[in-house]
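A.B. asks: Please read through the structure below; I'll follow up with questions.
The values are calculated or read from the model by the stated rules, or taken from the named source; none is laboratory data. Computed from a predicted model, the values in this text were never measured in an experiment. When we count neighbours, we look across all protein chains shown, and the Cβ atoms used for this are built from the backbone with ideal geometry, even at glycine. For accessibility, only protein heavy atoms count, side chains too; no ligands or nucleic acids. Shrake-Rupley method; radii C 1.70, N 1.55, O 1.52, S 1.80 Å.
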Amino acid sequence: MGEKVLMKGNEAIAEAAIRAGCLHYFGYPITPQTEIAAYMAKRMPKVGGVFLQAESEIAAINMVLGVAATGKRVMTSSSSPGVSLKSEGISYIAGSDVPALIVNVQRGGPGLGGIQPSQSDYFQAVKGGSHGDFMKIVLAPSSVQEMASLTSTAFDLADKYRMPAMILADGTMGQMMEPVELPETEPNTFDKPWALTGTKGERKHNIVNSLYLKPEELEKTNFERFARYKTIEENEVLYEEYLMDDAEICVVSFGITARVAKNAIVEARAKGIKVGMIRPITLWPFPKKVLRAAADKCKAFLSVEMNMGQMIEDVKLATECKKPVYLCNRTGGMIPSPEEVLAKIVEINEGGDK
Amino acid sequence: MQYKRMTLFAGHYGSGKTNIAVNYALHLKSLGEDVVIADLDIVNPYFRTRDSLEELNAAGIKLISSEFASSNVDLPALPQEVYSLLDKREEKAIMDIGGDDRGAYALGRYSDAIKAEDDYEMLFVFNKYRPLTPTAEDALEIMSEIEAAGHINFTAIVNNSNLGALTTAQDILDSVEETERLSRLSGLPVKMTTVRDDLVYNLNGKVENLFPLTLQKKIV
């Protein structure tokens, strides 16, 4: 690792992407992710890369599809309403089996919503979010350091499984500044025999396409793709356990709210409450097994999110509703305070949700 | 330290302008001055001067800020009250300028009046630990872009090199050389080196013109 620098989360994503060998960025400005584009605009010309501000989000995501088809690392970034605009293109990327990174620095919604942070695109991120049968790898950083490290993880996973990967951050993660160590090592490379690199008359041409004329063929492709998803669910789950050894209450939270929850857990422990946290780092694949195991040990779960309660559904599914799952949430650009989370933990410890 | 009627803080985005401006305002107030602080940031959506409203109010410092700052809309608007700051010459005025040249464009509409009064300091905030300004040359490039956009030249440098909560006294000491190089290359003096207040004890006598930052905004 190199020297420490003080970075905004958005800058950390941009710099980490360049160091991961991504020399193609296509985007359209939107608060609160604009620093990614601004950083790329400054840096890409200096490293021989391409920064292009497209005429719209839709144009940008289709440029991403184009570069992805050539096997080069490529990305776009946006914030909630902009990601909705990109959703058609994301489906085409998944349907074409090409790797690409999409960054969503979430803001409040629905509609134009507001520019303050939120996690209300959870459903959109992990449940497909566009038409057709497909998944994408979704990573949720909880520090500026993770904004950097998970960006290179996302490129690796996208390449390995030939599919779209998403960094699901939020406005606070994008805007906040923390010290970061950036990797100095060469990026991982993957063989891409499917890529459109020119046949030079020496091989049969490759086709990258998401159109299937025969329904039998489309069905077969979908089954094959989901077999690949199964492998990912087996092998690529990432999560962090915090004070779970003796925990009776298990907080589940990702991204910025996991940081808030951690503060609340420290306070609750000081009061003698046995509480810990499972922080999903991959939101898809979701850490089902560890949550299912926790359901045998813990008496209750608490999902802390900045939305009306979206991840809580996956917590209930993963724990097979063996134990009650409570919700502590703010929305519309509001961040829960550690005191609010603590109050909820105390309530649950005293016998439930009032 | 010498104080002018107006003090302007500008620099690369994320260099620490807002935090220094608020602390500088509190410092001037503690010297018995009437102080007004204006947020001229038209770029940054989060972490604005307004976030310190409580502390500023408690100290009796007037804040001039767009009603849209720290709100849910993205409107790069400037408050009309900024003009009062140019006229009320009995008050010490602090201007918190947005980052980079993009942020400094907003300053352009006031720069003629500021230069006409000719009782100002235009301070360049430098943090060598920011990824795009590790060297004096990088900082110099941003300096001239800001000067061109804001139609006003810098008069001094503030060394605000830091790594956030993890800053050590050694990090500050390590930043002195590059700051002095920036001073030589730009021909401008280093007005002060800003440090988190708990580090002052370790740096006293080792770094000139230390300015302790007592108020730190922590997110989560």
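A.B. asks: As an exercise: evaluate B:Thr155 against (1) away from chain A (no Cβ under 14 Å); (2) crowded, with 20+ Cβ neighbours inside 10 Å and give the number of the one condition it does not meet.
C.D. replies: B:Thr155 satisfies every listed condition except (2).
A.B. asks: Out of the stretch A:131-152, which residues are surrounded by fewer than 21 Cβ atoms within 10 Å (Cβ to Cβ) and either part of a loop (DSSP other than H, G, I, E, B) or not polar (S, T, N, Q) (or both)?
C.D. replies: A:His131, A:Gly132, A:Asp133, A:Ser143
A.B. asks: Condition first: within 11 Å of chain B (Cβ to nearest Cβ) and within 15 Å of A:Thr151 (Cβ to Cβ). Now tell me which residues in the stretch A:20-42 satisfy that.
C.D. replies: Matches in the stretch A:20-42: A:Gln33, A:Glu35, A:Tyr39.
A.B. asks: In this structure, does A:Gly309 turn out to be without any contact (Cβ under 8 Å) to a residue 40 or more places away in the chain, out of contact with any helix residue (DSSP H, G or I) (no Cβ under 8 Å at 6 or more places or on another chain) and closer than 21 Å to A:Met173 by Cβ?
C.D. replies: Details: without any contact (Cβ under 8 Å) to a residue 40 or more places away in the chain: yes; out of contact with any helix residue (DSSP H, G or I) (no Cβ under 8 Å at 6 or more places or on another chain): yes; closer than 21 Å to A:Met173 by Cβ: yes.
So A:Gly309 passes the test.
A.B. asks: Say whether the condition of being part of a loop (DSSP other than H, G, I, E, B) and either among the aromatic types (Phe, Trp, Tyr) or more than 14 Å from every other protein chain (Cβ to nearest Cβ) (or both) is met by at least one residue in the stretch B:20-29.
C.D. replies: First pass over the stretch B:20-29, keeping only residues part of a loop (DSSP other than H, G, I, E, B): none.
Checked against the condition, which is being part of a loop (DSSP other than H, G, I, E, B) and either among the aromatic types (Phe, Trp, Tyr) or more than 14 Å from every other protein chain (Cβ to nearest Cβ) (or both), the stretch B:20-29 yields no hits at all.
A.B. asks: Condition check: in contact with a strand residue (DSSP E or B) (Cβ under 8 Å, 6 or more places away or on another chain) and surrounded by 11 or more Cβ atoms within 10 Å (Cβ to Cβ). Does A:Glu233 satisfy that? So that I can check it myself, show each step before the final result.
C.D. replies: Working: in contact with a strand residue (DSSP E or B) (Cβ under 8 Å, 6 or more places away or on another chain): no; surrounded by 11 or more Cβ atoms within 10 Å (Cβ to Cβ): yes.
In short, no.
A.B. asks: Test of understanding: among A:Leu317, A:Leu342, A:Leu283, which residue is of a type outside the set (Gly, Ala, Ser) and open to solvent by less than 10 Å² (accessible area, probe 1.4 Å)?
C.D. replies: Values: A:Leu317 fails: open to solvent by less than 10 Å² (accessible area, probe 1.4 Å); A:Leu342 fails: open to solvent by less than 10 Å² (accessible area, probe 1.4 Å).
Every option except A:Leu283 fails the conditions.
A.B. asks: Could you tell me how many of the residues in the stretch A:15-56 are over 24 Å from A:Ala195 (Cα atoms), without any contact (Cβ under 8 Å) to a residue 40 or more places away in the chain and in a helix (DSSP H, G or I)?
C.D. replies: Qualifying residue count, the stretch A:15-56: 9.
A.B. asks: Ok, one more. Identify, from the list A:Ser87, A:Ser80, A:Ser56, the residue that is within 13 Å of chain B (Cβ to nearest Cβ) and among the polar types (S, T, N, Q).
C.D. replies: On the way: A:Ser87 fails: within 13 Å of chain B (Cβ to nearest Cβ); A:Ser56 fails: within 13 Å of chain B (Cβ to nearest Cβ).
Answer to the selection: A:Ser80.
A.B. asks: Kindly indicate whether any position in the stretch A:62-70 is in a helix (DSSP H, G or I), open to solvent by 30 Å² or more (accessible area, probe 1.4 Å) and modelled with pLDDT under 95.
C.D. replies: No, because not a single residue in the stretch A:62-70 is in a helix (DSSP H, G or I), open to solvent by 30 Å² or more (accessible area, probe 1.4 Å) and modelled with pLDDT under 95.
A.B. asks: What are the residues in the stretch A:239-263 that are outside any strand (DSSP E or B) and under 25 Å from A:Met308 (Cβ atoms), if any? Reasoning before the result, please.
C.D. replies: Residues of the stretch A:239-263 that are outside any strand (DSSP E or B), as a first pass: A:243-248, A:254-263.
Selection gives A:Phe254, A:Gly255, A:Ile256, A:Thr257, A:Ala258, A:Arg259, A:Val260, A:Ala261, A:Lys262, A:Asn263.
A.B. asks: Hey, among B:Gln216, B:Gln170, which residue is open to solvent by 30 Å² or more (accessible area, probe 1.4 Å), within 13 Å of another protein chain (Cβ to nearest Cβ) and assigned to a helix (DSSP H, G or I)? First the steps, then the outcome.
C.D. replies: Details: B:Gln216 fails: assigned to a helix (DSSP H, G or I).
Every option except B:Gln170 fails the conditions.
A.B. asks: Name every residue in the stretch A:258-272 that is of a type in the set (A, V, I, L, M, F, W, C) and open to solvent by 10 Å² or more (accessible area, probe 1.4 Å), in order of residue number. Working first, answer last.
C.D. replies: Step one: of the stretch A:258-272, the residues of a type in the set (A, V, I, L, M, F, W, C) are A:258, A:260-261, A:264-266, A:268, A:270.
A:Val266, A:Ala270, listed by residue number.
A.B. asks: Is there a residue in the stretch A:91-107 that is farther than 28 Å from A:Leu218 by Cβ, within 14 Å of another protein chain (Cβ to nearest Cβ) and either part of a loop (DSSP other than H, G, I, E, B) or of a type in the set (Asp, Glu) (or both)?
C.D. replies: no
A.B. asks: Enumerate the helices (runs of 4 or more DSSP H) found wholly within the stretch B:76-152, keeping only those where 2 or more residues are within 14 Å of chain A (Cβ to nearest Cβ) and open to solvent by 10 Å² or more (accessible area, probe 1.4 Å).
C.D. replies: B:100-104, B:136-150
A.B. asks: Of the numbered conditions (1) under 18 Å from B:Thr133 (Cα atoms); (2) surrounded by fewer than 19 Cβ atoms within 10 Å (Cβ to Cβ); (3) within 12 Å of chain B (Cβ to nearest Cβ), A:Pro45 fails exactly one; give the number of that condition.
C.D. replies: The one condition A:Pro45 does not meet is (3).
A.B. asks: List the number of the failed condition for A:Gly113; all other conditions in (1) outside any loop (DSSP other than H, G, I, E, B); (2) under 18 Å from A:Glu305 (Cβ atoms); (3) open to solvent by 30 Å² or more (accessible area, probe 1.4 Å) hold.
C.D. replies: All conditions pass for A:Gly113, except number (1).
A.B. asks: Quick one: in the stretch B:158-167, which of the residues that are part of a helix (DSSP H, G or I) and open to solvent by 30 Å² or more (accessible area, probe 1.4 Å) is nearest to the other protein chains (Cβ to nearest Cβ)? Write out each step before concluding.
C.D. replies: Step one: list which residues in the stretch B:158-167 are part of a helix (DSSP H, G or I), which gives B:164-166.
Those still in the list that are open to solvent by 30 Å² or more (accessible area, probe 1.4 Å) too: B:165-166.
Working: B:Ala165: 8, B:Leu166: 5 Å.
That would be B:Leu166.
A.B. asks: Quick check on the stretch A:244-257. Is at least one of its residues free of Cβ contacts under 8 Å to residues at least 60 places away in the same chain and open to solvent by 90 Å² or more (accessible area, probe 1.4 Å)?
C.D. replies: Yes, the conditions are met somewhere in the stretch A:244-257.
For (1) at pLDDT 95 or above; (2) open to solvent by less than 30 Å² (accessible area, probe 1.4 Å), each residue gets a yes or a no:
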site: B:Tyr3; (1), (2): no, no
site: B:Phe9; (1), (2): yes, yes
site: B:Gly16; (1), (2): no, yes
site: B:Ala21; (1), (2): yes, yes
site: B:Phe47; (1), (2): no, no
site: B:Glu54; (1), (2): no, no
site: B:Phe68; (1), (2): no, no
site: B:Asn72; (1), (2): no, no
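A.B. asks: Is there any pair with a first residue in the stretch A:332-343 that is more than 9 Å from every other protein chain (Cβ to nearest Cβ) and a second that is among the acidic types (Asp, Glu) and open to solvent by less than 60 Å² (accessible area, probe 1.4 Å) whose Cβ atoms are under 9 Å apart and which are 6 or more apart or on different chains, and what are they?
C.D. replies: Qualifying pairs under 9 Å: A:Pro336/A:Glu305.
A.B. asks: Within the stretch A:177-196, is even one residue within 14 Å of chain B (Cβ to nearest Cβ), surrounded by fewer than 20 Cβ atoms within 10 Å (Cβ to Cβ) and in a loop (DSSP other than H, G, I, E, B)?
C.D. replies: yes
A.B. asks: Considering only the stretch B:30-45, state which residues are more than 17 Å from B:Lys191 (Cβ to Cβ), without any contact (Cβ under 8 Å) to a residue 40 or more places away in the chain and more than 14 Å from chain A (Cβ to nearest Cβ).
C.D. replies: Selection gives B:Ser30, B:Gly32.
A.B. asks: Please give the number of the condition B:Leu63 fails out of (1) open to solvent by 70 Å² or more (accessible area, probe 1.4 Å); (2) under 15 Å from B:Thr7 (Cα atoms).
C.D. replies: It fails just one condition, (1).
A.B. asks: Here's a follow-up. Any idea which of (1) more than 14 Å from every other protein chain (Cβ to nearest Cβ); (2) among the aliphatic types (A, V, I, L, M); (3) open to solvent by 50 Å² or more (accessible area, probe 1.4 Å) is the one A:Ile167 doesn't satisfy?
C.D. replies: (3)
A.B. asks: Test A:Lys230 against the stated conditions and say whether it is within 22 Å of A:Ala293 (Cα to Cα) and within 14 Å of chain B (Cβ to nearest Cβ). Before you say what the answer is, go through the steps one by one.
C.D. replies: Values: within 22 Å of A:Ala293 (Cα to Cα): yes; within 14 Å of chain B (Cβ to nearest Cβ): no.
Considered against the rule, which asks whether it is within 22 Å of A:Ala293 (Cα to Cα) and within 14 Å of chain B (Cβ to nearest Cβ), A:Lys230 comes out as no.
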